[in-house]
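One structure below.
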Amino acid sequence: MRTAATLTGMVAIALFGVWGALLMSSWVIVAASGMPLTASINAMEAANQPYSVLPGLLFAALGVVLGFAWVWLMWSPRVAAPAWAGFSLWAAIIALGGPAYFFASFGNINSVGDTFYGWDPAAAFALQAPLYLVSAVAAVIAIGAPLCVLILHASRVRRMHAESSPS
């Protein structure tokens, strides 16, 4: 069970990176400009606005590397982390993907806004919103998992203390 969960977590981290890369390098550009990708890139270049696939490639590569690093950490005999800690770390990686996506995608999206007067930021955000939502839910999990463990531990300590004290 732990192997399947760990591999699923790795795939989820990697797919989050690839998803973000596709958004920032293609899908959002097309949606915001209302034109095919090649025409959008040509228009941005004609307006001296930069376009690069490098941030997307780095975002995807980082997702894959973090996915494998997380698996290594979960399977490493040197690290005896409980399942809740691994789950919380996984959620933190996904949660930090939202802000990382924002900064990595800013250049291309800014170029679209500077190139196309009538660009459609709502169409761009409609594509990005699910990524940000996944990141936000993961942030709640990353914070909530350790809090749940602390609350459960505190209640056990109180119960043990109450049982050991004379009535």
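The values are calculated or read from the model by the stated rules, or taken from the named source; none is laboratory data. Here the structure is a predicted model, which means the values were calculated and not measured. Here Cβ is always computed from backbone atoms with ideal geometry, including for glycine, and neighbour counts include all displayed protein chains.
Residues that are polar (S, T, N, Q), modelled with pLDDT of 95 or more and assigned to a helix (DSSP H, G or I) are absent from the range 50-72 altogether. The combined condition, being in a helix (DSSP H, G or I), out of contact with any helix residue (DSSP H, G or I) (no Cβ under 6 Å at 6 or more places or on another chain) and either modelled with pLDDT under 90 or under 27 Å from Ser33 (Cβ atoms) (or both), is not fulfilled by Pro146. Considering the range 119-135, the residues that are free of Cβ contacts under 8 Å to residues at least 60 places away in the same chain and surrounded by 14 or more Cβ atoms within 10 Å (Cβ to Cβ) include one that is nearest to the chain's Cα centre (by Cα), namely Ser135. Scanning the range 49-79 for residues that are touching a helix residue (DSSP H, G or I) at 6+ places or on another chain (Cβ under 9 Å), among the polar types (S, T, N, Q) and without any contact (Cβ under 8 Å) to a residue 60 or more places away in the chain returns a single hit, Ser52. Note on the range 66-114: among residues that are farther than 19 Å from Ala138 by Cβ and of a type in the set (S, T, N, Q), the one that is surrounded by the fewest Cβ atoms within 10 Å (Cβ to Cβ) is Ser76. Looking across the range 12-21 at every residue that is free of Cβ contacts under 8 Å to residues at least 60 places away in the same chain and touching a Gly at 6+ places or on another chain (Cβ under 7 Å), the one that is surrounded by the fewest Cβ atoms within 10 Å (Cβ to Cβ) is identified as Val18. Applying the criterion of being surrounded by 22 or more Cβ atoms within 10 Å (Cβ to Cβ) and polar (S, T, N, Q) to the residues of the range 27-42, the residue that is nearest to the chain's Cα centre (by Cα) is Ser33.
I'd like the full set of residues that are of a type in the set (Val, Ile, Thr) and within 30 Å of Leu89 (Cβ to Cβ), limited to the range 1-57. Before you say what the answer is, go through the steps one by one.
Taking the range 1-57 and keeping what is of a type in the set (Val, Ile, Thr), we get 3, 6, 8, 11, 13, 18, 28-30, 38, 41, 53.
Those that are of a type in the set (Val, Ile, Thr) and within 30 Å of Leu89 (Cβ to Cβ): Thr3, Thr6, Thr8, Val11, Ile13, Val18, Val28, Val53.
Residue count for the range 4-26, restricted to those that are at pLDDT 95 or above and more than 17 Å from the chain's Cα centre (by Cα): 1.
In the set (1) over 30 Å from Glu45 (Cα atoms); (2) in a loop (DSSP other than H, G, I, E, B), Gly86 fails one condition alone, (2). For the condition closer than 17 Å to Leu7 by Cβ and not in a helix (DSSP H, G or I), Ala91 does not qualify.
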